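The values are calculated or read from the model by the stated rules, or taken from the named source; none is laboratory data. What you see is a predicted model; the values in this text were computed from it and never measured. Here the Cβ positions follow ideal geometry from the backbone for every residue, glycine too, while neighbour counts run over all protein chains shown.
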Amino acid sequence: MRLPELWRGVFRIVVGIFWLYFASQKWGGVGWMQPLIQDAPSVNPIPGLHELLAVVVAPNWFLFAVAQAIAETVIGVLLVLGLGTRKVAVLGLLLALNLALVVAFEAHDIGSRWLYYLAVLVNAELIFADEGWPALGGYRFVPAWLRS
């Protein structure tokens with residue numbers, strides 16, 4: 001094991017913990033997300049996305065909140081374990097883009113928006129980097145579809 005492999009493993013695990021932290025905020029219930037999701041169209045300046053949020057997402061807020069919680073949990077667990085890292089990182093990138101294009105506009109502190117933008121870059125990096133060590137995806141007993 002070399003230091004770069006260890007660093008990539010630590011990086012992947014920390015990103016997984018990031019997703020698990022955000023998922024844990026929803027495990028006790030997603031009701032607190034209702035006003036955020038329903039107010040998102042009023043503050044979102046992106047044409048097309050604004051309408052999608054108003055017509056599809058806001059009326060079905062519960063479905064989207066639960067889907068977000070499930071996706072964040074799956075991404076977090078698989079990244080921590082090092083299973084399907086590149087595939088999971090693509091899903092993480094999509095969720096991070098969702099946060100950056102929707103939730104970030106609801107932040108009153110413009111400086112905190114950069115946290116959402118940083119999540120996009122971090123998940124994009126995982127798509128192109130090796131999974132590092134430790135990762136279960138490198139073992140032969142792991143099915144091919146769960147390898148990175």
Next on the checklist: Of everything in segment 22-47, what is hydroxyl-bearing (Ser, Thr, Tyr) and at pLDDT 90 or above? Give them in sequence order.
Outcome noted: 24
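Do we have residue 126 as within 18 Å of residue 148 (Cα to Cα) and crowded, with 22+ Cβ neighbours inside 10 Å here?
Against the criterion (within 18 Å of residue 148 (Cα to Cα) and crowded, with 22+ Cβ neighbours inside 10 Å), residue 126 qualifies.
If you check residue 113 against the conditions, is it charged (D, E, K, R), surrounded by 18 or more Cβ atoms within 10 Å (Cβ to Cβ) and part of a helix (DSSP H, G or I)?
no
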Checklist outcome for this item: In segment 103-140, anything under 13 Å from the mean Cα position of the chain (by Cα), among the hydrophobic types (A, V, I, L, M, F, W, C) and under 19 Å from residue 57 (Cβ atoms) is listed as 103
